[in-house]
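Data first, discussion second: the structure below is written as structure tokens.
The values are calculated or read from the model by the stated rules, or taken from the named source; none is laboratory data. Nothing here was measured: the structure is a model prediction, and the numbers come from that model. FYI the Cβ positions are ideal-geometry reconstructions off the backbone, even for glycines, and counts take in every protein chain you see. The area values use the complete protein model at the heavy-atom level, side chains included, leaving out ligands, DNA and RNA. Shrake-Rupley method; radii C 1.70, N 1.55, O 1.52, S 1.80 Å.
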Amino acid sequence: MATMRESVLSYLDGCREEMLRLWETIVRLETPSADAAAVSRLASHLDTYCDALGMETEKFQPQNAGLCLAARTPSASLPPVLLLGHLDTVHPAGSFPGGPWRVEGDQVYGPGVHDCKGGLVIALYVIRALLHAGYDRRQLRLVLLSDEETAHTLSQRQTVDFLQRHALGCGAAFTVESGLPGGEIITARKGGGILPLRVQGIASHAGTAPEKGASAVLEAAKKIVAIHALSDPAHVTYNCGIIHGGTSANVVPDRCEVSVAIRFRTNQDHRQAMDALHEICGRVETPGTVCTLGPLVGFPAMEELDKTAALAKLYQDASEALGLGRPGTAYSAGCSDSAYTTSMGIPTLCAAGVLGEGQHSPHEHADLASLLPQAKRLASAILSLPDDF
């Protein structure tokens, strides 16, 4: 194993310039979630790359979203390892200040440079290095999704089904999402999402016949107060962030819609939160009004599993053995597709991509020097996996 590890690390050292060129190439291929053609071009580009490595590939075209890509090495006796990432970004094409690739000192700026195109390069070159060294203890699987940044709404969650089909049977997963500035690995994340609360009332003239109306806005206001009173930072937080209602100040409003955002620490918290929201929705405080809740659009919580701590320690030990320090573990309020692998019982580490800050902002940037060390950490962790994963 030591000889194989040395071969993998040496190979990665020799690929540094190639890795940087691929990183620049795929960042310049701007891929806003809603531009299905652009996302598909990147999927096809990386499909060719995987094919050249001898991997079996599958492209999936969901409705209303770009292509997804899955690739795998030959089957092996031990459970496979999954490397997970996404192809899309939040930035409209041509909108990033200074252009899609700008290097300033030891930092690179661009749309998706941190979230998570640097991670895609890491995943591809870790697979390439392992194959070069003859690694065959586990099948290596790569899954790249096309609408993660929209919580998979563009595809109506078809992309989640694609992920879970290709993750089935895996013993461990590493998500190459944007790495934290200090290199910490994320072992758990909040879940969350947005759901619409709609109130239907009765319209009437507010001056001559207010008694014949039923104000949807008044009922919505009462429900907003009740919902915000539920917030408990230790479990679930609620935010009613957008309100639309009424037609005129002289008309008793017959409709109102409120966008309710929730964040929850565990999936049990999520279930209890939805029960509480339905209870509030079912209470009628303004006679003549009716309230309905739409479905939650978002992510489940990424929960720690029985083997999560062991997987984190394995990653930390591998990093320390490389002389790269011992990264800590972190809990994040942000959501990611790691939630879908942990929901399948697959121990998962998230934020294994390049280090940086500012994702989802015009200041998104990544540390150029982190690309190679992060790849080495991941490759070494995979090599260190014991048979019981």
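Glu177 satisfies every condition listed in (1) among the acidic types (Asp, Glu); (2) part of a loop (DSSP other than H, G, I, E, B); (3) free of Cβ contacts under 8 Å to residues at least 40 places away in the same chain except (3). Do you know which residues across region 197-217 are surrounded by fewer than 19 Cβ atoms within 10 Å (Cβ to Cβ) and not in a strand (DSSP E or B)? Ala203, Ala206, Gly207, Thr208, Ala209, Pro210, Glu211, Lys212, listed by residue number.
Against the test of being touching a residue at least 40 places away in the same chain (Cβ under 8 Å) and farther than 23 Å from Val108 by Cβ, the options Gly282, Gly334, Gly358, Gly345 yield a single qualifying residue, Gly345. For region 136-159, a tally of residues being open to solvent by 10 Å² or more (accessible area, probe 1.4 Å), out of contact with any strand residue (DSSP E or B) (no Cβ under 7 Å at 6 or more places or on another chain) and part of a loop (DSSP other than H, G, I, E, B) returns 4.
Considering only residues of region 101-129 that are touching a strand residue (DSSP E or B) at 6+ places or on another chain (Cβ under 9 Å) and surrounded by fewer than 24 Cβ atoms within 10 Å (Cβ to Cβ), which is farthest from Ala52 (Cα to Cα)? It would help to see each step written out before you state the result.
Quick first cut of region 101-129, residues touching a strand residue (DSSP E or B) at 6+ places or on another chain (Cβ under 9 Å) only: 101-104, 106-120, 122-124, 126-127.
Then drop every residue that is not surrounded by fewer than 24 Cβ atoms within 10 Å (Cβ to Cβ), which leaves 101-104, 106-107, 109.
Details: Trp101: 26, Arg102: 29, Val103: 29, Glu104: 33, Asp106: 31, Gln107: 30, Tyr109: 29 Å.
Among them, the one singled out is Glu104.
Residues being within 11 Å of Val236 (Cβ to Cβ) and buried (at least 19 other Cβ atoms within 10 Å of the Cβ): count how many of those fall in region 256-304. Selection size over region 256-304: 9. Among the residues of region 63-75, those that are surrounded by fewer than 22 Cβ atoms within 10 Å (Cβ to Cβ) and on the phi < 0 side of the Ramachandran plot comprise Gln63, Arg72, Pro74, Ser75.
Suppose the filter is more than 19 Å from Ser332 (Cβ to Cβ), out of contact with any Lys or Arg (no Cβ under 7 Å at 6 or more places or on another chain), small (Gly, Ala, Ser) and crowded, with 16+ Cβ neighbours inside 10 Å; does Gly246 pass it?
Yes: the conditions hold for Gly246.
Scanning region 310-323 for residues that are open to solvent by 60 Å² or more (accessible area, probe 1.4 Å) and under 26 Å from the mean Cα position of the chain (by Cα) turns up just one, Lys313. When region 1-31 is examined, which residues are found to be at pLDDT 95 or above and not in a helix (DSSP H, G or I)? Passing the criteria: Cys15, Leu29, Glu30, Thr31. Inclusion of Val90 among residues that are surrounded by 22 or more Cβ atoms within 10 Å (Cβ to Cβ) and either among the hydrophobic types (A, V, I, L, M, F, W, C) or on the phi > 0 side of the Ramachandran plot (or both) is not warranted. Just one of the listed residues (Ala65, Ala38, Ala34, Ala43) is more than 28 Å from Arg377 (Cβ to Cβ), in a helix (DSSP H, G or I), of a type in the set (A, V, I, L, M) and under 22 Å from the mean Cα position of the chain (by Cα), and it is Ala38.
Considering region 332-361 alone, what residues qualify as being open to solvent by 20 Å² or more (accessible area, probe 1.4 Å) and touching a Phe, Trp or Tyr at 6+ places or on another chain (Cβ under 7 Å)? Matches in region 332-361: Cys335 only.
Among the residues of region 218-236, how many are touching a residue at least 40 places away in the same chain (Cβ under 8 Å) and open to solvent by 60 Å² or more (accessible area, probe 1.4 Å)? Result for region 218-236: 3. Counting only helices (runs of 4 or more DSSP H) that fall entirely inside region 259-365 and contain at least 3 residues that are of a type in the set (A, V, I, L, M, F, W, C), the qualifying elements are 267-282, 308-321.
Any residue that is in a strand (DSSP E or B), within 16 Å of Leu277 (Cβ to Cβ) and polar (S, T, N, Q) - is there at least one of those in region 230-238?
Within region 230-238, one or more residues are in a strand (DSSP E or B), within 16 Å of Leu277 (Cβ to Cβ) and polar (S, T, N, Q).
With respect to Glu184, determine if the residue is buried (at least 24 other Cβ atoms within 10 Å of the Cβ), at pLDDT 95 or above and out of contact with any Leu (no Cβ under 6 Å at 6 or more places or on another chain). The answer is no for Glu184.
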